[in-house]
Amino acid sequence: MEKQVSRHRVRKNVAREILENRDWAKLKEWAVESRNIRALLSLTFDADMLVRWRAIEAMGIAAEIQGRNDMENVREIIRNILWMMNDESGALAWHGPETIAEILYNIPSLISEYGKILGSFTEEEPFERGTFWAIARISLRNSNFYQFKVDELIEALDNPDTTIKGYSLLGLKWLDYRVNGTKLGSLQNDNSQVYIYNFESGKLKRSEISKIVQFYLNHIDWKMV
C-alpha cells in the first residue's frame, strides 16, 4: 500500500512540475508512456486555481494523444468523471465539466457522444459555472452543436452570478449569435469581474463583463479580455 501511495505521489509531483512549467513536450512524452493520467485528474482538484486550470488544459492534450491509439480509454476517463459528478459519488468532480469540455475540445469527434450529457448540468450544483464554460469552450471548436442552448445562454445574461454571465456571453460569441442591443446595453458598463483562463498564454486573469462585451462586439482582441 505504501509503495502504491508513493508511486502516485511521485506521478503527482511530476505532473505538478509539468503544469507549473507548462511543459507540454514533457506532457506528451508522459501521455505516450502511460495510460494512467489519474495524477493529472487529481490536480483538477488543486487549491491553486492556476494549477487547476493548467491541469484541465493538460487533460485535454493527454487525452487526445492517448485517443490516437485507444479511444475507449478516453471514453472511460470521461465516464469516470461523469460518475464523479453524480450524487451517488458525492458530486466530487467540481471541475468535471471544464475537464470533459477540454477533452472534447481536443477530440471533437466525441462531442456528439457526450456534449448533450455535459450540457445538462447547467442547473446542477456545484457544476453550473463549469458547465456554462464547457458550452462556451466547445462552441469555439464547433459553433453548431450547442445552438439548442442559445435561449438558455441569453437568459443567463441576467444571472446574478457574474461568472455564469461572462461565460454565457462567450458562449453566444462562439455560437455566432447576435444578442440584441437592449440586452447588451446593461452589460456594457458592468465592471463586475470573472476569472478567465487564456489557453494561448497559459495565464489566468480577472476580466470585467464590460470587456467581454467589447470582445463580443469585435471591438477588442481576445488577448485584451
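Computed from the coordinates by the stated procedures, all read-outs in this text should not be read as laboratory data. Keep in mind that this is a model prediction, so the values were computed, not measured. Cβ sites come from the backbone with ideal geometry, for glycine too, and all protein chains shown count toward neighbours.
Taking segment 18-42 as the region of interest, how many residues are touching a residue at least 60 places away in the same chain (Cβ under 8 Å) and hydroxyl-bearing (S, T, Y)?
Residues that pass the stated criteria total 0.
F215: exposed (fewer than 14 other Cβ atoms within 10 Å of the Cβ), part of a helix (DSSP H, G or I) and among the hydrophobic types (A, V, I, L, M, F, W, C), yes or no? So F215 does not fit the description; no. Residues that are of a type in the set (V, I, T), buried (at least 16 other Cβ atoms within 10 Å of the Cβ) and not in a loop (DSSP other than H, G, I, E, B) within segment 22-50 comprise just one, T44. Here L169 clears all of (1) in contact (Cβ under 8 Å) with a residue 40 or more places away in the chain; (2) surrounded by fewer than 19 Cβ atoms within 10 Å (Cβ to Cβ) except the condition numbered (2). Comparison of M59, M84 shows that the only residue that is under 19 Å from K203 (Cβ atoms) and of a type outside the set (S, T, Y) is M59.
In a helix (DSSP H, G or I), closer than 21 Å to D161 by Cα, in contact with a Leu (Cβ under 7 Å, 6 or more places away or on another chain) and of a type outside the set (V, I, T): is that true of W53 in this structure?
Answer is yes for this residue.
In the set (1) closer than 18 Å to L104 by Cβ; (2) without any contact (Cβ under 8 Å) to a residue 40 or more places away in the chain; (3) surrounded by fewer than 22 Cβ atoms within 10 Å (Cβ to Cβ), I61 fails one condition alone, (2). If you go through segment 182-207 and pick out every residue that is in contact with a strand residue (DSSP E or B) (Cβ under 9 Å, 6 or more places away or on another chain) and surrounded by 12 or more Cβ atoms within 10 Å (Cβ to Cβ), you end up with 12.
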